[in-house]
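Below is one structure; the comments refer to it alone.
Coordinate-derived values only; no laboratory data. None of the values given here were measured: they were computed from a predicted structure. Methodologically, a virtual Cβ is constructed for each residue, glycine included, from the backbone with ideal geometry; neighbour enumeration extends over all protein chains shown.
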Amino acid sequence: MIVWIWALLIILLFKLVTKPISNTFFRNGFTCLQKVASLDEWFLVQDAPTNKMIIHAIMIADHIELKDFQRRVLEKGPHEFPRLRQRIVLVDGVPHWEEVTVDIEKQVTSIPQDKPWDRTTLEEYLGRIWFEDLPKSRPLWEFRVAELEGKQTACIFRTHHVMGDGISYLSFLYSLMDQKIHDRPELAGKLPSPCMVYALAAIGFGPLMFKIFGKSRPSSPFRGHQLTGIRKATWTCVPMDTVKLIKSHFKVSFNDVLLSSLAGAFARYASEKKLPVNNDCVGVPFSFRSTASPGVIDNHFTVLTVELPVTLSTPTERLRATSKETQRLKRSSEPFVHYLNFKLIAHYRSAFGVAVVNYASDKLSCAAVTNLPGPKSEITVNGSIVRDMLTWVPTSFKCGLGVSFVSYFNQVDIGINSDTGVLEDPKLLLDFMKAELEELAKGTSV
């Protein structure tokens, strides 16, 4: 009974949160300001010395001239995407968007180098800049350009999550290419009518609270560690045909294959380190975009906790169990409960709400995991062939492990970033993921 009363209170609070606020635009001298939406502002609240809500991405292509790339970004970025020409200013302690003139030579810069970098040097550089703040005097995004061995160029993109989520940024990054990319991400779902959201959230609220507060979680090699604030980032790639083969043979989704490879990697890691093997949960974004809005960069998603079947003994069992869990979540009310709670906590930002999210994230999720679909054919930027496209998802609160999948042309890039207090060598986890996929691929011939 108490749970249902609490659910009704939440619905009433949510109605207050979603009530339109008039006069969000106002004049301050000659400047037009717009209040930052509470859902976007929540990402500023999550910033901490050992976890910054900064998205990192990289595009590796054949040699690109800096001036040409600056012109392309200026032409396709701030001109077509208003958010990219807005910075954050505080008015009575409340963050607002302020439109400014973009200085492209400060937003897109060249990294000083004595000689072209190899892969190891690039990864070390990513680790060094991971917690560098973006200058608040200008929009919270930047490109840093580095020359690599083999006459290649790395364009490192950094942006704060307050600006927008990965799905909304795809349109901007796609716009930089020479080709017009018609591929659109498969969107996970869309919000039904407000009444339906309230009803689904009320139904699922009790089970979710029990999941967070009433259910003890077994130990995990990737949870409960003191974060060091030292981050390592690395990546690898696997053939697209391998993932597609597994997907079609076992009749599961693309995402199921990738998530189950992570479950297998967790199992192999625990076995290698002689640690207890237990099921673990990861946080996976669930988009509520019904369509991709041209020129719009913002945040419109929630995060679900997906339980990975780490304890099962074979890759095939892990894959089938992962698919069953993702299908269950898609049919459940959990996305709407998470979304509603997310909106509430973001709107009120009380110390209690932040503490609840901190506790829940530490108890439920050992890693943040994202999967972004890239172009299905080979693309170029300023005439240079793009060889790799990948991203590293930010982590928040006590979470120190992020796993990202980006599909591009004939490969799937897998990026891992880890706090050294959680995982000293992220390459080990990548090797285990590749081994899991190879074993699944062998199973398709049986």
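Assorted remarks:
- In terms of packing, defined here as the mean over residues of other Cβ atoms within 10 angstrom, the peptides 373-383, 37-47, 160-170 line up highest first as 160-170, 37-47, 373-383.
- FRET efficiency for the residue 151 to residue 241 pair, using the beta carbon distance and R₀ = 25 Å, is estimated at 0.35.
- Within the stretch 376-417, backbone nitrogen closer than 16 Å to the virtual label 7 Å beyond the Cα of residue 90 toward Cβ: none
- Overall Cα dimensions of the stretch 30-175 - principal axes, largest extent first, Å: 50, 35, 26
- Alpha carbon centroid spacing (whole Å) that separates the stretch 26-97 from the stretch 223-281: 31
- Computed lengthening from residue 118 to residue 378, 0.36 nm per intervening residue step minus Cα-Cα distance: 91.3 nm
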